[in-house]
Amino acid sequence: MKKMFIASDNTGFEMKKKLLVSFSVPDSLIGNITFEDLGPDNEDSTIDYITYAKMLSDMVAEVENSMGILISWSGIGISIIANKVDYVRAAVCFNTEMARIAREKYDANVICIANGFMTFEEIRDIVKKFISTKYIENITNVSRNYMIDNWR
């Protein structure tokens, strides 16, 4: 069973709740996944997205075969924070094609959602595509991802 962590800032709080309700219904496309809400538990405007992005990224790095969903207004800040954590590959995705490419080619394990620019239906479909797409382990993808991992 795959573990999916989810967190947001204050602007993504309602979207996070909607996604959790939507994914609580069994779905053959995403399979057997457990979701864990890492917070926040309210829409307080003082919520710091950095705290939640780092918490989720640390969990994804620590828990084998896990993935994460981060939701904020633009998706940009959370992706910058997430990509600072070793073993995390975070991608901001605005459509299902970007979600597919993030998984297939780059083996992304965290999707960053820009809540301020998309509807619930669009976001739900993007997240479903991200979860259901498998990494294609071929010589090109493996060698490029190795270079990305060792870039310092």
Can you tell me which residue within the range 1-57, out of those that are hydroxyl-bearing (Ser, Thr, Tyr) and over 27 Å from Asp86 (Cα atoms), is modelled with the highest pLDDT? Ser22
Just wondering, is there one or more residues in the range 129-136 that are closer than 20 Å to Tyr52 by Cβ and either among the aliphatic types (A, V, I, L, M) or surrounded by 17 or more Cβ atoms within 10 Å (Cβ to Cβ) (or both)? yes
Is it the case, given these coordinates, that Tyr87 is surrounded by fewer than 18 Cβ atoms within 10 Å (Cβ to Cβ), in contact with a helix residue (DSSP H, G or I) (Cβ under 6 Å, 6 or more places away or on another chain) and either closer than 25 Å to Ser24 by Cα or of a type outside the set (S, T, N, Q) (or both)? yes
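The values are calculated or read from the model by the stated rules, or taken from the named source; none is laboratory data. Predicted, not measured: the structure shown is a model, and the values here were computed from it. Cβ atoms come from the backbone with ideal geometry, glycine included; neighbour counts cover every protein chain shown.
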